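What follows is a single structure, written as structure tokens, with notes after it.
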Amino acid sequence: MNYFELFNIPVSVTVDRSVLAKKYFELQKKNHPDFFVQEDEAAQQEALEKTSELNKAFKILKDPDATIQYLLKIKDLLQEEEKYPLPPGFLMEVMELNENLSENSITAIEDFERDIYTEVSGIVQNYDDSTTSTEDLLKLKEYYYKKKYLQRILDRIAG
């Protein structure tokens, strides 16, 4: 069962957080290990595993970047430790940003992130699991890796 099925919500790039939270608390009440203390050890262990999976799913689906990553994984378009080749033009722009790191760099990188988001905003906002093409998902994958790359620079500046 995937996490969208677990919460009984549509597969999407953008998850409605209020619906997600509501379903999360409903499932937590139903499966929390504290409600199984009178049950046998197997039932207690199962409740613990369900709650653990529920917590993991909730954490992923409430984070937009983690949701994109998860969606790409369940579509078999993203592999663990994948070495994704980013376009040379993007890498050149990032190299220029990297060479000129300053206090203004954070703003420049955030502007750059907004620009790359524009390229996929239609896919993100209008995602339909039954009609979104593999080509669109591959554009989303490239966006995911570009954003991840930019985030590493932001983390280095802040750190």
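How far is it, in nm, from the label point at E113 to the one at K148 when both lie 7 Å from their Cα along the line to the Cβ?
With each label placed 7 Å out from Cα toward Cβ, I get 1.6 nm.
Based on the Kirkwood radius over alpha-carbon pairs, what value in µm²/s does the Stokes-Einstein equation return for the translational diffusion coefficient of the stretch 14-108 at 37 °C and 0.692 mPa s?
Translational D for this selection: 191 µm²/s.
Using alpha carbons only, what's the Rg to Rh ratio of the stretch 3-62 with Rh from Kirkwood?
1.04
Just flag the trypsin sites (Lys or Arg not before Pro) in the stretch 54-159 sitting in loop per DSSP whose Cβ has no more than 14 other Cβ atoms within 10 Å.
K62, K83
Write out the GluC sites (Glu not before Pro) in the stretch 50-103 meeting two conditions: DSSP loop, and at most 11 other Cβ atoms within 10 Å of their Cβ.
Within the stretch 50-103, the qualifying GluC sites (Glu not before Pro) (loop, at most 11 other Cβ atoms within 10 Å) are E80, E81, E82, E103.
Over the chain, what number does the Rg to Rh ratio reach, with both radii from the alpha-carbon atoms and Rh per Kirkwood?
1.08
Which of the aspartates and glutamates could a cross-linker bridge to K56, judged by Cα under 18 Å and excluding same-chain residues fewer than eight apart?
Partners within reach: E5, D16, E26, E46, D65, E80.
We did not get these values from a lab; they are worked out from the coordinates using the rules stated. Just so we're clear, the structure is a prediction, and the values are computed from it rather than from any experiment. Neighbour counts run over all protein chains shown; Cβ positions are idealised from the backbone, glycine included.
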